[in-house]
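Data block below; observations after.
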Amino acid sequence: MTNVAVALDAKQTWIAEFASSEPDLAGPAWLRPIRKQAIARFEAAGFPTQKHEDWRFTNLAPLLRVPFKPAILGRPDGVLAERLEPFSFGVLKTSRLVFVNGQFSPRLSYLRPLPEGVRVASLAEILRNDPGSVEKDLARHAKYEDDAFVALNTSFFTDGGYIEIPKGTVVEEPIHLVFVSTSHEMPTVSHPRNVVRLGARSQATLIETYAGWAPDVTFTNAVTEISAGPGSVLDHYKIQRESESAYHIATMTVDQDRDSNVMCHSMAFGAALSRSYVHTNFHAEGGSVALNGLFMPSGVQQADNYTRIDHAAPACTSVELYRGILGGKSRGVFNGNIYVRKDAQKTVARQTNKNLLLSKEAFVDSTPGLEILADDVKCNHASTIGQLDENAIFYLRSRGIDEEAARHILTYAFASDVVNQVKVAPIRIKLDQLILSRLPKGAGPGEGL
Amino acid sequence: MLEIKNLQVKVGGKEILKGIDLSIGRGEVHAIMGPNGSGKTTLAQVLAGRLAYEVTGGSVRFEGKDLLAMRPEDRAREGVFMAFQYPVEIPGVSNAYFLKAALNAIRKYRGLEEIDAMDFMGLVQDKAKLLGLDETFMKRGLNEGFSGGEKKKNEVFQMAVLEPKFCILDETDSGLDIDALRLVANGINTMRSPTRSMLVVTHYQRLLDYVIPEHVHVLVDGRIVKSGDADLARNLEKHGYGWILEEAPRPQPARA
């Protein structure tokens, strides 16, 4: 089958799936028309092909060929708590919500003491018991109108994290959402949906971990919607460590009010094909955002990173730093889009993407982008693709350090700019370990570069 | 300690060293001087193990072992150290991390226990002070944003910490103001000992006013054309390289 035929076929399958499962999807009355509109948009637009500008470098055919089934509802998840241990952060104390194939697992979850008024719950539970509190946010930030995967998620989601921080409240301990994707005989799909609301001058640290184990074939299609109130501070981490046979597509939309300060860290290690889309919007002046990304595919993995920062208000600052480290025959994409609207004077926007190729067969497409309609702004972008510096390797070797260690030190150093942006020390330590564990072994002059 | 016999080296297919003979005994300091392009840096780099240099003939023995057969890291572990003319900047690797990794790699090779962080800091503190490097220096990225002088001091500092048997100083004086030159020279002189040998590669006499060599060799067009004592360096400073070029035998016809 051609890729176009595959996409068409997959589209029909999803539409039929919706028709049969829609009556059983839980949720308040106001959600049903939204789901129907979303599937209608999906039906009209279909899956993007490589003719779409934003999908030029991403061939979805391998994903669309797999006959994914939703994990059977109500089935005991069978994931042992010990298996989640590697996804925690050492001494770091967090509240933790665990979702297995999209379903909340009370057994694996726990809440630490939280300040008054803070709500950390499963979205399904909120939709059951207090749907009014989520109505103003759910499907209001992440637009299904122009994105097939957001549309699918909106049509099918059943659960995810719901986090609400009241105004003026500082939550000291991070909140950890863990999404475990597993499969047995049949490839499984899940559509986690997270809704996060930060009240005025509130502060929180949120971690999303996407977990899985080889050789499970899974498809995780996640959407996170965040609204950051005036003067709020959010430190957000997304750490993707799914099975290397998994497909992972995640969209995060952040709407920022006046003087809010958001950091979005995106770290991609797992999945056969992953695509992370981070989309932030400044709606009022004085906001700042930092997008801090690391993608580290190896073998035959592909890791795509799309970002869009919409400066729709004046005097906001965005700093974007993405680094790719690509080994084996892996591929990566960085596509950064900064949009400065006409009235967004005094905008400061800096975008940097640097890529390190550890093998001759690795490949990266880097497309930095700035579109500026205002005239009083400070904006720049830079993009580089390179290999390890042979002079630097020789310098280290000339001091007694062996070649493999020299290459490791330099690769690790390359990631350090991004890792050093991580404010929470146990997360930083965990990232260090993950990076070190993924460095190629025994790369001599004959292999690698 | 070091025996170089008829060493011939090509770089990018071009013959740069055309048969070098040099014998450096234990505890001796030798200087190699010569005009630009004479092959001084090539000699230093070949001894340190730079791969881009093709040895087409001759031999180098270090304490009786075939130096040219060793990987660069093994040369370092055996006790060879080159202070680079252009030290490399490596952001993201702190000076402390780098130097501790180097020291431990060398110690491991020699069958010694790895040094822990506390002992390491104790070891480096005095040596850093000797070279006028302040405390923040160890935490900064390796040579990252260092001035030319700081980079050269760092080379000599590394040498002081790693305590090699044989030191090659490649244009270590270039780019130094007089204060930095004195600090660097003092650092080098502190390391002189009856068991440690040095090869000082330089274009100018300047460093040799402070680090006084026993032997001076003049390298011209890939060959040592004259050897002498420290007075030879002073003569070169006074009269330039012209008189040597005229005096030197030229076995090959002059290039067009």
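The values are calculated or read from the model by the stated rules, or taken from the named source; none is laboratory data. This structure is a prediction, so every number in the text was calculated from the model and none was measured. Cβ coordinates were reconstructed from backbone atoms using ideal geometry, including for glycine residues, and neighbour counts include every protein chain displayed.
Reported count of residues in segment A:359-414, each being at the interface with chain B (Cβ under 7 Å from one of its Cβ atoms) and either touching a Cys at 6+ places or on another chain (Cβ under 7 Å) or hydroxyl-bearing (S, T, Y) (or both), is 2.
Name every residue in segment A:282-301 that is of a type in the set (S, T, N, Q) and surrounded by 22 or more Cβ atoms within 10 Å (Cβ to Cβ), in order of residue number.
A:N292, A:Q301
The rows are residues; the columns are (1) β-branched (V, I, T); (2) in a strand (DSSP E or B); (3) under 22 Å from A:L396 (Cβ atoms); (4) at pLDDT 95 or above.
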site	(1), (2), (3), (4)
B:P164	no, no, yes, yes
B:I168	yes, yes, yes, yes
B:R182	no, no, no, no
B:N186	no, no, no, no
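Per-residue answers, yes or no, for (1) surrounded by fewer than 20 Cβ atoms within 10 Å (Cβ to Cβ); (2) assigned to a loop (DSSP other than H, G, I, E, B); (3) out of contact with any helix residue (DSSP H, G or I) (no Cβ under 7 Å at 6 or more places or on another chain):
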position: A:E116; (1), (2), (3): yes, yes, yes
position: A:S133; (1), (2), (3): yes, no, no
position: A:H141; (1), (2), (3): no, yes, yes
position: A:F149; (1), (2), (3): no, no, yes
position: A:N153; (1), (2), (3): no, no, yes
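Within segment A:415-430, being farther than 17 Å from A:P297 by Cα and either β-branched (V, I, T) or more than 10 Å from chain B (Cβ to nearest Cβ) (or both) holds for A:Q421, A:V422, A:K423, A:V424, A:A425, A:P426, A:I427, A:R428, A:I429, A:K430.
On the given criteria, is B:A128 more than 11 Å from chain A (Cβ to nearest Cβ), surrounded by 19 or more Cβ atoms within 10 Å (Cβ to Cβ) and out of contact with any His (no Cβ under 6 Å at 6 or more places or on another chain)?
yes
Within segment B:60-96, being within 8 Å of chain A (Cβ to nearest Cβ), under 30 Å from B:S147 (Cβ atoms) and either in contact with an Asp or Glu (Cβ under 8 Å, 6 or more places away or on another chain) or assigned to a helix (DSSP H, G or I) (or both) holds for B:P72, B:E73, B:R75, B:A76, B:M82, B:F84, B:P87, B:V88, B:I90, B:P91, B:G92.
Conditions (1) surrounded by fewer than 18 Cβ atoms within 10 Å (Cβ to Cβ); (2) acidic (D, E); (3) assigned to a strand (DSSP E or B), marked per residue:
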residue: A:L63; (1), (2), (3): no, no, no
residue: A:F99; (1), (2), (3): no, no, yes
residue: A:R107; (1), (2), (3): yes, no, no
residue: A:P113; (1), (2), (3): yes, no, no
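Tell me, please, whether a residue that is more than 28 Å from A:T58 (Cα to Cα) and of a type outside the set (K, R) can be found in segment A:348-358. Checking segment A:348-358: at least one residue is more than 28 Å from A:T58 (Cα to Cα) and of a type outside the set (K, R).
Close contacts from segment B:32-55, counting a first residue that is within 14 Å of chain A (Cβ to nearest Cβ) and a second that is part of a strand (DSSP E or B) and polar (S, T, N, Q), with Cβ to Cβ under 9 Å and a gap of 6+ residues or different chains, come to none at all.
Taking A:V377, is it closer than 30 Å to A:E242 by Cβ and crowded, with 16+ Cβ neighbours inside 10 Å? Considered against the rule, which asks whether it is closer than 30 Å to A:E242 by Cβ and crowded, with 16+ Cβ neighbours inside 10 Å, A:V377 comes out as no.
Among the residues making up segment B:97-118, a single one is crowded, with 18+ Cβ neighbours inside 10 Å and more than 9 Å from chain A (Cβ to nearest Cβ): B:K100.
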